[in-house]
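All remarks here apply to the structure that follows.
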Amino acid sequence: MTAMRERFSAFSDRLLHPLAGKDRPPSPVERDGVRAPALVVGIGNPGAEYGNTRHNVGAWCIALLARRHGVQLERHGRVDRAAVEVEGHTLHLARARAYVNESGPPAAAEAKRLGIGPERLLFIYDDIDLPVGRMRIRQHGGHGGHNGVRSLIDALGSDAFARIRVGVDRPYDDGRPVRDPERIADWVLSDPGPAERTLLDEAVARTADAVEAAVIHGVDIAMNRFNQGQDIQGNGDRREQSKG
């Protein structure tokens, strides 16, 4: 766990930029007049010991999409991947086989292999700044302190990819949010309790719905539909409790 915390907090080396430069394959920003993803990547730490941890929510989303569409993810190098059809549109699924903080290069390499630029990549990951079960879609943006997103921005040389954040919240002391990196690392690298797992499973299902909507109708419509009206039971209670 100590080594894992070090990976969580100390990842700072600049990474290679496999999509940078003049040899990057062409990739249209739009499909049929809308911006729609052609590749969705979910992240999470490899290994059975991390499979049910909060940090692996992005990987759960990819696994659910594969099950929905009746395909098996197959290992190819540093990703598990498959392709599905969503109402006539091809969507490539990828689950990075790398620690979260190092997930950018395999995600970027898969995009390069497919000839897909950042504008048609959708990235799914956990977020400690959203309540448990809340999810948010964005067209692009910075890393927001998430080292997995930082890794992908570095690897792509761009922050122009869409992303879905799935809330896992953070620990609390007497209702005050914990900021200590060690305790936050322990939090995301631990399994949620049964009530939180239920909320997260519901959020994963909504995220899969949102991915499919983005593929069919475009990211803008998916944002308008899924960023609104999320009534998540139970989030307020835990913020009022001591989370040592």
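Readers should treat all values here as calculations from the given coordinates under stated rules, not as data from a laboratory. Quick caveat, the model's predicted, so the values are computed rather than measured. We place every Cβ from the backbone using ideal geometry, glycine too, and count neighbours over all the protein chains shown.
To make sure I understand, if each residue's beta carbon is the centre and we count other beta carbons within 10 Å, what order do 110, 85 fall in, fewest to most? Walk me through the numbers on the way to the answer.
Numbers: 110 24, 85 11.
Ranking 110, 85 by Cβ neighbours within 10 Å, fewest first, gives 85, 110.
What full-extension length gain, to one decimal in nm, is calculated for residue 68 and residue 209 as 0.36 nm per residue of separation minus the Cα-Cα distance? Let's see the in-between values first.
Numbers: separation 141, 0.36 × 141 = 50.76 nm, distance 1.04 nm.
Roughly 49.7 nm would be gained on extension.
With charges set only on the Cβ (+1 for Lys and Arg, -1 for Asp and Glu), what does the dipole of segment 66-164 come to about its Cα centre, in debye to the nearest 20? Write down the numbers at each step before the final one.
Working: 15 positive and 12 negative charges, 35 e Å.
In total the dipole reaches around 180 debye.
Quickly rank 37-44, 65-72, 198-205 as a protection proxy: mean count of other C-beta atoms within 10 Å, highest first. Numbers along the way, then the final one.
Values: 37-44: 28.1, 65-72: 14.9, 198-205: 18.9.
Highest mean packing first, the order is 37-44, 198-205, 65-72.
Ordered by packing density, taken as the mean number of other Cβ atoms within 10 Å over each peptide's residues, highest first, how do 113-121, 178-186 rank? Present the calculation step by step, with values, prior to reporting the outcome.
Working: 113-121: 20.7, 178-186: 14.4.
Ranking, from highest mean packing down: 113-121, 178-186.
Among 103, 158, 151, rank each residue by its count of other Cβ atoms within 10 Å, from fewest to most, as a rough exposure measure. Can you show the working numbers first?
Details: 103 31, 158 18, 151 27.
With the sparsest Cβ surroundings first, the list reads 158, 151, 103.
Once both labels are modelled 7 Å past Cα along the beta-carbon direction, what's the residue 76-residue 129 spacing in nm?
My value for the distance between the label points is 3.4 nm.
Relative to the present Cα-Cα distance, how much length would full extension add between residue 227 and residue 201 at 0.36 nm per residue of separation?
Working: separation 26, 0.36 × 26 = 9.36 nm, distance 1.72 nm.
Answer, rounded to one decimal: 7.6 nm.
Placing one identical point scatterer on every Cα of segment 58-207 and ignoring solvent, what is log10 I(q)/I(0) from the Debye formula at q = 0.14, 0.15, 0.17, 0.20 Å⁻¹?
-0.71, -0.81, -1.04, -1.40
Could you point to the residue in 108, 121, 131 farthest towards the positive end of segment 63-152's charge dipole, with +1 and -1 charges on the Cβ of Lys/Arg and Asp/Glu respectively?
108
What is the gain in length, in nm to one decimal, between residue 139 and residue 217 on full extension, counting 0.36 nm per residue of separation less the C-alpha to C-alpha distance?
On the way: separation 78, 0.36 × 78 = 28.08 nm, distance 1.40 nm.
Result: 26.7 nm gained on full extension.
Separation between the residue 52 and residue 30 pseudo-spin-labels, each 7 Å from Cα along Cα→Cβ, expressed in nm?
4.7
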